[in-house]
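One structure is given below, encoded as structure tokens.
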Amino acid sequence: MSNLKPTNDFVFKKLFGEEKNVDILKDLIQSILPELKIAKVVVNKDVSLERKLITDKLGILDVMATLNDNTKINIEMQVEDLHNTIERSIFYQSGVYHESLAKGVSYINAFKTIGIWITNYDVFKEGPFHEIARLKRDYENIILTDKYELHYIQLSKFKKKCKRISTKLEQWLLFIINENMEEINMVDNKYVKKAEKELEYLSGDEETRRLAELREKAIRDELAAIAQARDEGKSEGFSLGKSEGISEGESQNTIKIAKKMLEKQIDIALIMEITGLTKEEIEKL
């Protein structure tokens, strides 16, 4: 029986989002953010976007954590490219930043938030497999704030470009891809070894395997429904509106697409991401 893949977001969350595995989560985060001195990591279990019944609709399964200095970390595992990763990551991270600012707290005291998006596809055609995006001024590229940061870790680029494993991050990515057990067994990192044993245990658990398979099926079904809605839209002579300069006609076409998606019971959050409509606009449909 082959092991489950950490690239399945349900499996990823079981590995890194459980309190008992907080040490391997800490080591993974430290490998991505080596400049930080991480003394403690707390897993946030009350993630509002998590759904227990993962087969109902395509919920968002992420790993949320808080560091000892109150930095908020949001980790997303993405297998399928919906061609809106940048927009989605900005949207999600803005929500994390907003939630980090407690009621009555001054804006200047907002906690730092870091979004980490591990993707099984290229987000950018050029550049390294680990890319960092920060808010900067046009003037001499000066950092505007260090409180908002996004990391894109592209597994597809890592597989193509990284021939020799030399860093802690590369060790973890080798494990997450989970394609060469011989290479993984040679990794000298006790936390990767622990994650490997935990993955072995999860892979042997019948219920976990069933839920992981159902999760994959839910993603396939959702993507198929989105593709069908788009195809039906094209056959009726309309397409998704553009992000800039949307005309009244294009806006109506976008509404028609949203209606098609609602008919196919596609999750509202995904319809928002794909069409650019607000939740209120979609609910009125």
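The computed Kirkwood radius over Cα pairs in Å for the structure shown corresponds, within [x] 19.5; [y] 20.0; [z] 20.6, to [z]. Between E196, E18, E182, the Gaussian network model of the chain with springs among Cα atoms under 10 angstrom shows the greatest mean-square fluctuation at E182. Taking E35, E207, E87 as the candidate residues, the one with maximal mean-square fluctuation in a Gaussian network model of the chain, Cα springs under 10 Å, is E35.
Annotation for R210 and M181: the two label points, set 7 Å from Cα along the Cα-Cβ direction, are 2.5 nm apart.
Considering only protein heavy atoms and a probe of 1.4 Å, how much of the accessible area of the chain is carbon and sulfur, as a whole percent? The partial results should precede the final answer.
On the way: 8020 of 15970 Å².
Carbon and sulfur together cover 50 percent of it.
In terms of distances greater than 24 angstrom between alpha carbons, the cross-link table entries K5/K197; K194/K217; K13/K256; K217/K264; K40/K190; K37/K112 yield K194/K217; K13/K256.
With all protein chains kept in place, the per residue accessible area of the chain amounts to 56 square angstrom at a probe of 1.4 angstrom.
R0 = 22 Å: FRET efficiency of D69 with E140, Cβ-based, nearest 0.05?
Values: r = 28 Å, r/R0 = 1.27.
E between D69 and E140, to the nearest 0.05, is 0.20.
In the chain, the DSSP beta bridges split such that about 50 percent are antiparallel, to the nearest 5.
The values are calculated or read from the model by the stated rules, or taken from the named source; none is laboratory data. Since this is a predicted model, take the numbers as computed values, not measurements. Virtual Cβ from ideal backbone geometry, glycine too; neighbours counted across all protein chains shown. For accessibility, only protein heavy atoms count, side chains too; no ligands or nucleic acids. Shrake-Rupley method; radii C 1.70, N 1.55, O 1.52, S 1.80 Å.
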